[in-house]
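Presented below is the structure to which this report refers.
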Amino acid sequence: MRTLRVLVLGSIFCGGVACVPIDEVLDRVTLSEAELQDVADNYNGAIAAYHDLESFAAEIASGEVDLSGADFVAPDASNGWTGTLNFVSDAFPGGHGELTATFRVLEGGVPVNPFETDPESGAPLTLDLVLRFRGVTAQGAPLALDADFTSLYDVSDPVQGVITTNGSFRIGHNDYVANLEATGFAVRYVRATGLPESASGRIMGVLDIPDFAFNADIDVEGQGPVVQIDVRVLDQVVDSGTLPISDF
């Protein structure tokens, strides 16, 4: 299969009178160990920054963050309980830069005041969030994040809660750009401790690799107590294996 793939790709790079040398063809469809590590580092850096900023935005929506100095329009009845925020800071969990967000909290599909809604009441709540960030990570990597997603919080069970996320995420980390789509990605956690126990659903997408002919394919699947991660470029593995849900 590998030989067939190289032959097919070789024919693509051949044009008219002359062909691109085979070593150049191979260089365009394979990555060195150092290049694979660079892809892995940028993928992991992008995911870590996303986790930090998404958690921070959820805290904003629940009124847990001091927004002194931010341009903030609080959700109220006149704006359909939609909050908007523009915040420039050097103290974001994921780094420093400019964060803009639009958010709503819905109960039974109806927008409600998020600051007067009890998340432990047992009624399912949905956080509807559009997030944009431009800046650098805590490690100094340029970061551009655009996310448009919903997270459903179901605490109808007195012991175990569930957070289910659906939506799209575009994360630029250095010159690498990941475009991801979450489909029913659900995390079940112990309500008494907040610790995750299991996961289901998927996050899939591609990572654009600068100066390379192909993208990396990303497939993250919740499989009970673990998350199966598979990131590869053609038949080269960037990252593959399982993580305990607590480490994801």
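The values are calculated or read from the model by the stated rules, or taken from the named source; none is laboratory data. Predicted, not measured: the structure shown is a model, and the values here were computed from it. So basically every Cβ, Gly included, is an ideal-geometry build from the backbone, and we count neighbours across all protein chains shown.
Return the residues of the stretch 184-202 that are out of contact with any helix residue (DSSP H, G or I) (no Cβ under 8 Å at 6 or more places or on another chain), over 18 Å from L125 (Cα atoms) and part of a strand (DSSP E or B); say none if nothing qualifies. S200, G201, R202, listed by residue number. Consider D157 against the criteria (1) assigned to a strand (DSSP E or B); (2) exposed (fewer than 15 other Cβ atoms within 10 Å of the Cβ): it satisfies all of them except one. Which criterion is unmet? All conditions pass for D157, except number (1).
What number of residues within the stretch 188-205 are more than 20 Å from L152 (Cβ to Cβ) and either without any contact (Cβ under 8 Å) to a residue 24 or more places away in the chain or surrounded by 15 or more Cβ atoms within 10 Å (Cβ to Cβ) (or both)? Quick ask: steps written out before the conclusion?
Of all residues in the stretch 188-205, those more than 20 Å from L152 (Cβ to Cβ) come to 192-193, 205.
From what is left, the residues that are either without any contact (Cβ under 8 Å) to a residue 24 or more places away in the chain or surrounded by 15 or more Cβ atoms within 10 Å (Cβ to Cβ) (or both) are 193, 205.
Of the residues in that region, 2 qualify.
When the criteria are applied in full, L234 meets the requirement of being modelled with pLDDT under 90 and aliphatic (A, V, I, L, M). Only one of the listed residues (V8, V25) is part of a helix (DSSP H, G or I), modelled with pLDDT under 80 and either at positive phi or in contact with a helix residue (DSSP H, G or I) (Cβ under 7 Å, 6 or more places away or on another chain) (or both). That residue is V25.
Counting only residues that are part of a loop (DSSP other than H, G, I, E, B) and not small (G, A, S), which one in the stretch 30-42 is surrounded by the fewest Cβ atoms within 10 Å (Cβ to Cβ)? Talk me through it step by step, then tell me what you get.
Looking only at the stretch 30-42, we keep the residues that are part of a loop (DSSP other than H, G, I, E, B), and these are 30-32.
Those still in the list that are not small (G, A, S) too: 30-31.
Working: T30: 17, L31: 19.
If we take residues in the stretch 30-42 being part of a loop (DSSP other than H, G, I, E, B) and not small (G, A, S), then T30 is surrounded by the fewest Cβ atoms within 10 Å (Cβ to Cβ).
If you check D211, D219 for being loosely packed, with under 14 Cβ neighbours inside 10 Å and either within 18 Å of the chain's Cα centre (by Cα) or among the charged types (D, E, K, R) (or both), only one passes: D211. Using beta carbons and a limit of 6 Å, which pairs, at least six apart or on different chains, have the first residue in the stretch 38-55 and farther than 16 Å from V136 by Cβ and the second one surrounded by fewer than 20 Cβ atoms within 10 Å (Cβ to Cβ) and not β-branched (V, I, T)? Pairs that qualify, where the first residue is farther than 16 Å from V136 by Cβ and the partner is surrounded by fewer than 20 Cβ atoms within 10 Å (Cβ to Cβ) and not β-branched (V, I, T), are A40/D239.
Might you let me know whether the stretch 76-91 holds any residue that is touching a residue at least 40 places away in the same chain (Cβ under 8 Å) and on the phi < 0 side of the Ramachandran plot? Checking the stretch 76-91: not a single residue is touching a residue at least 40 places away in the same chain (Cβ under 8 Å) and on the phi < 0 side of the Ramachandran plot.
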